[in-house]
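Structure record follows, encoded as structure tokens.
The values are calculated or read from the model by the stated rules, or taken from the named source; none is laboratory data. On a predicted model such as this, the values are computed, not experimentally measured, just so you know. Note: ideal-geometry Cβ built from the backbone for every residue, glycine included; neighbour counts use all protein chains shown.
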Amino acid sequence: MKVLVLNAGSSSQKSCLYDLDESLPLLAAQSAIEPPAPIWEAQIDWTVQPGNAVLKIKANGTKVERSIDSIDRSTDTLQMLNTLSEGETKVIHQTREIDIVGHRIVHGGQHYRQSVRIDQTVKDTISDLAQFAPLHNPANLQGIEAIEQSLGDVPQVAVFDTAFHATLSPAASIYPIPYEWYEKGVQRYGFHGISHQYCANRAAQLLGHELSDLRLVTCHLGNGCSLAAIENGQSIDTTMGFTPLEGLMMGSRSGSIDPGVLLYLMREGAYTIDEVEQVLNKKSGLLGISGISSDLRQVTSSETEQSKLAIETYIHRLRSGIGSMIGSLSGLDAIVFTAGVGENSALIRSRTCEAFRWLGIEIDPEKNQSSPVDQDISTRSSKVRILVIHTQEDWAIAQDCWKLSR
Ligand code: ADP
């Protein structure tokens, strides 16, 4: 079974193709086997130059990169899909061999608690929810339409980043503002759900426990950062909220700040709404404080006072966030670190866990430094396991496609 996964963002689009043995997803759900690697991976980047896009393909052990004339998203996507059946990245004879296509959809609102087959109603809902996710949902929808135009009536599946957090209680999802706003959909939705859910399942596999027996804090630390408190396999708290701006300090996003700061800036007339949005999303976080970069590697190597402050603030907020997630759980069995920073930064992991030594949480310094992948890096005597898990959102989407194709 050939499953195409599409992750369409506002300025780039990532895609991959899995060739699945019929029994594999079932086996993967039951045991700790390694998720399979995709047989083809592609990325289109529209940020380089107007009218141009950079297409990168990885397949058959080779990597190809070329600049293409960008016409529109559908035509560019078609060019990308052509590389599946042409040239040195050819992995199938024709695109008709693709059985199903899975899309990562950022916002599913209150409507979707799990993945669904895409039809006109689903598309209309994704479109309506663009009011809550103006940077993401329209791009996701364009991805769906691009596939319709290139692959006809192939079955398509929507996998929502908000769905895993649909189990948040009203107390965890409501903002303490007038109740009518809650009724109009202004509430905490949470994001990165595909990754948090994948990591929770993988943690249960690695620990040899039923997920229903575990209390977990999963830390997704990439360019965007969020935490989830998971009990009984369900998300009961998370740091992102109405938008992916709430919560932890991130690469270029501020995370939570006093809303009074925004009122002050707007009352002063110094910034328009669009400018404030741009600053909070693109010029804050590690980049905002360090003035150097949103990439942790560059901030750590620069060693300026502002860079040091950026890292200390990042750690301070991460520790506070984990403390807050622990407060929502009635105990803790494991902390999971995932995504670019979580998987690769021994410094962030050790400095974060240090704060919780008094709870009996002990990181093993050697294991922490050993570039762990899907490993337990806590000491034997630690009261809580500390896991590093390579997040595989595309694989999680492919598994949902497989389930919905049954
Ligand atoms: P995204 O959220 O866009 O999917 P990633 O999960 O790939 O991003 O995370 C990207 C971030 O991971 C980079 O900005 C960088 O800060 C961080 N990162 C990647 N590798 C390392 C590393 N070896 N050490 C520290 N940080 C790293």
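Table for the structure above
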read-out: Within the stretch 232-275, tally of residues that are crowded, with 21+ Cβ neighbours inside 10 Å and part of a strand (DSSP E or B); value: 3
read-out: Any hit, the stretch 368-375, residues being of a type in the set (A, V, I, L, M, F, W, C) and closer than 26 Å to residue 160 by Cα; value: yes
read-out: Residue that is modelled with the lowest pLDDT, among those in the stretch 111-129 that are under 18 Å from residue 194 (Cα atoms) and surrounded by 17 or more Cβ atoms within 10 Å (Cβ to Cβ); value: 111
read-out: Scope the stretch 343-360; condition under 16 Å from residue 217 (Cα atoms), aliphatic (A, V, I, L, M) and surrounded by 15 or more Cβ atoms within 10 Å (Cβ to Cβ); matching residues; value: 348, 355
read-out: Extreme residue, nearest to the chain's Cα centre (by Cα), among residues of the stretch 187-196 that are of a type outside the set (Phe, Trp, Tyr) and surrounded by 24 or more Cβ atoms within 10 Å (Cβ to Cβ); value: 192
read-out: Selected residue (criterion: farthest from the ligand (Cβ to nearest atom)) from residues of the stretch 315-333 that are in contact (Cβ under 8 Å) with a residue 24 or more places away in the chain and hydroxyl-bearing (Ser, Thr, Tyr); value: 330
read-out: Residue within the stretch 87-102 that is basic (Lys, Arg) and either in contact (Cβ under 8 Å) with a residue 40 or more places away in the chain or within 25 Å of residue 400 (Cβ to Cβ) (or both) present; value: yes
read-out: Among (1) away from the ligand (no atom under 14 Å from the Cβ); (2) under 18 Å from the mean Cα position of the chain (by Cα); (3) not small (Gly, Ala, Ser) - the single one residue 209 does not satisfy; value: (2)
read-out: Residues of the stretch 315-355 classified as among the hydroxyl-bearing types (Ser, Thr, Tyr) and closer than 21 Å to residue 197 by Cβ, total; value: 4
read-out: Test for residue 307: is it surrounded by fewer than 17 Cβ atoms within 10 Å (Cβ to Cβ), of a type in the set (S, T, N, Q), assigned to a helix (DSSP H, G or I) and out of contact with any Asp or Glu (no Cβ under 6 Å at 6 or more places or on another chain); value: no
read-out: Options 341, 336, 279; residue that is away from the ligand (no atom under 15 Å from the Cβ) and within 30 Å of residue 168 (Cβ to Cβ); value: 279
read-out: Residue 22 vs. criteria within 30 Å of residue 203 (Cα to Cα), over 26 Å from the mean Cα position of the chain (by Cα), surrounded by fewer than 12 Cβ atoms within 10 Å (Cβ to Cβ) and among the charged types (D, E, K, R); value: yes
read-out: Conditions (1) buried (at least 20 other Cβ atoms within 10 Å of the Cβ); (2) under 22 Å from residue 196 (Cα atoms); (3) of a type outside the set (Lys, Arg); (4) within 16 Å of the ligand (Cβ to nearest atom); number of the one not met by residue 290; value: (2)
read-out: Failed item in (1) crowded, with 18+ Cβ neighbours inside 10 Å; (2) away from the ligand (no atom under 14 Å from the Cβ); (3) assigned to a loop (DSSP other than H, G, I, E, B); (4) not aromatic (Phe, Trp, Tyr), with residue 401 passing the rest; value: (3)
